[in-house]
Amino acid sequence: MGRKVLVLNQDYSALSVCSVPKAFLLVYMNKAELLAESSTHVLRSVREVFPMPTVIRLHRYVHLPYRGVMMTRQNIFKRDGNRCQYCGTSDDLTLDHVLPKSRGGKTNWDNLATACKRCNSRKGDYTPEEANMPLRQRPFKPSFLMFLRDFSGVVDDGWLPYLGAKEAIY
């Protein structure tokens, strides 16, 4: 049972994603309410059948500090669709500093892009403009909601009303 459930705060803002057993337990213990359920799957006990949750809302508000997306190699690959941002291939991927470190480029969301080893080597110590290698998409820092919705790979159709519309990135 590898399915995931979207957990909303009391104010309907997205809080996290959890496993189906954890979500069921929160609903069963009356700590959350079931907002959306699977139309194709159910949970069974010896005597009863329960709906399988896809979206739950907590009864009490949970105060959390700002939730950002961790800048990791895998998250940058996810943001860039596991494709080289110069040629579009998905083979032999690595990270490239758009503005090279030797020229003061920082290691942050706005300066790292997925690149294949061939393009990274070809670009070398130049900017994309100097190397005549335009980026397919400008690097950006995704928000927590954007990351959940667009890059996590586990979005259920029932989550979309709670995660908002997909925004164009330019």
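Listing for the model above:
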{"read-out": "Residue within the stretch 47-64 that is within 30 Å of Pro21 (Cβ to Cβ), among the acidic types (Asp, Glu) and either more than 25 Å from the chain's Cα centre (by Cα) or not in a loop (DSSP other than H, G, I, E, B) (or both) present", "value": "yes"}
{"read-out": "Residues (charged (D, E, K, R) and either free of Cβ contacts under 8 Å to residues at least 12 places away in the same chain or in contact with a strand residue (DSSP E or B) (Cβ under 6 Å, 6 or more places away or on another chain) (or both)) located in the stretch 51-72", "value": "Arg57"}
{"read-out": "Residue under evaluation Val155, criteria (1) in contact with a Lys or Arg (Cβ under 8 Å, 6 or more places away or on another chain); (2) in contact (Cβ under 8 Å) with a residue 24 or more places away in the chain; (3) under 30 Å from Arg3 (Cβ atoms); (4) surrounded by 12 or more Cβ atoms within 10 Å (Cβ to Cβ), criterion not met", "value": "(2)"}
{"read-out": "Close pairs from the stretch 22-39: first within 16 Å of Asn9 (Cα to Cα), partner modelled with pLDDT of 95 or more and among the small types (Gly, Ala, Ser), Cβ under 6 Å, at least 6 apart", "value": "Leu26/Ala32"}
{"read-out": "Qualifying helices (runs of 4 or more DSSP H) (wholly inside the stretch 73-170; at least 2 residues being over 23 Å from the mean Cα position of the chain (by Cα), at pLDDT 95 or above and not β-branched (Val, Ile, Thr))", "value": "117-123"}
{"read-out": "Only one of Arg79, Arg83 that is in contact (Cβ under 8 Å) with a residue 60 or more places away in the chain, surrounded by 13 or more Cβ atoms within 10 Å (Cβ to Cβ) and not polar (S, T, N, Q)", "value": "Arg79"}
{"read-out": "Pairs with Cβ under 9 Å, 6+ apart, first in the stretch 117-141 and more than 15 Å from Asp80 (Cα to Cα), second acidic (Asp, Glu) and open to solvent by 30 Å² or more (accessible area, probe 1.4 Å)", "value": "Lys117/Asp91; Lys117/Asp92; Arg118/Asp91; Arg118/Asp92; Lys123/Glu130"}
{"read-out": "Selection from the stretch 16-46 of residues that are out of contact with any Lys or Arg (no Cβ under 8 Å at 6 or more places or on another chain) and open to solvent by less than 50 Å² (accessible area, probe 1.4 Å)", "value": "Ser16, Ala23, Leu26, Val27, Ala36, Leu43"}
{"read-out": "Test: Ser13 is under 24 Å from Phe144 (Cβ atoms), surrounded by 12 or more Cβ atoms within 10 Å (Cβ to Cβ) and in contact (Cβ under 8 Å) with a residue 12 or more places away in the chain", "value": "no"}
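The values are calculated or read from the model by the stated rules, or taken from the named source; none is laboratory data. Just so it is clear, the structure is predicted and the values come from calculations on it, not from any experiment. Reconstructed Cβ throughout: ideal geometry from the backbone, glycine too, with neighbour counts over all protein chains shown. For the accessible areas, the whole protein counts, side chains as well, though only heavy atoms, and no ligand, DNA or RNA atoms are used. Shrake-Rupley method; radii C 1.70, N 1.55, O 1.52, S 1.80 Å.
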